[in-house]
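The values are calculated or read from the model by the stated rules, or taken from the named source; none is laboratory data. What you see is a predicted model, and the numbers here were worked out from it, not measured in a lab. For neighbour counting, all protein chains shown are included, and Cβ atoms are generated from backbone atoms with ideal geometry for every residue, glycine included. Surface areas here come from the heavy atoms of the whole protein model, side chains and all, with no ligands, DNA or RNA. Shrake-Rupley method; radii C 1.70, N 1.55, O 1.52, S 1.80 Å.
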Amino acid sequence: MLDDYKKCIEACYLCAAACDNCAASCLEEQNLEMMRDCIRMDMQCANICRLAAQFMALKSESAGELCRLCAEVCQKCGDECGKHQHDHCQACAKACHHCAEQCRKMAA
């Protein structure tokens, strides 16, 4: 069962790390006001990704539902980060969209 979750768990942890990096990098940008929504989404996304990965590792019966919600949050975060041209935002958007895809597969 854990093998089924492996790709999704990895995507979740990579996404969480990308979101943490993006949030920290956004705080160093000149126009902080413009980055506010990006930072907020990064923090939410990183947290739900770690939680979803933990639930999958625990083989929780709630993992599917959590993955469905995680996919929604990742999609929104990726869309927000994708609006910004900073390298860290673009890398985060890519990680978020990949994670959303993996979580949707897991939730199906």
Problem - Of the GluC sites (Glu not before Pro) in the chain, those whose Cβ has at most 12 other Cβ within 10 Å and which sit in DSSP loop - result: Glu28, Glu61
Exercise for the section: Pop the C-beta distance of Met34 and Ala91 into the FRET formula with R0 = 25 Å and round what comes out to the nearest 0.05. Expected result: 0.85
Fill in the blank from the handout: With Cα springs under 10 Å, the Gaussian network model of the chain assigns the largest mean-square fluctuation among Cys26, Cys74, Cys12 to Cys26
Handout entry: Unit charges on C-beta of K, R, D, E only; dipole of the chain, Debye
Key = 300 debye
Problem - Accessible carbon and sulfur surface of the chain relative to its total accessible area, %, 1.4 Å - result: 53 percent
Fill in the blank from the handout: Rg/Rh over Cα atoms for the chain, Kirkwood Rh, comes to 1.01
Exercise for the section: Output the DSSP H helices from the chain with an along-axis C-alpha extent of no less than 18 Å and a mean Kyte-Doolittle hydropathy no less than -0.5. Expected result: 2-26, 32-57, 63-81
Handout entry: At most 15 other Cβ within 10 Å, DSSP loop - trypsin sites (Lys or Arg not before Pro), segment 54-102
Key = Lys59, Lys83
Completion exercise
the chain accessible area per residue, 1.4 Å probe, protein heavy atoms, integer Å², reads 57 Å²
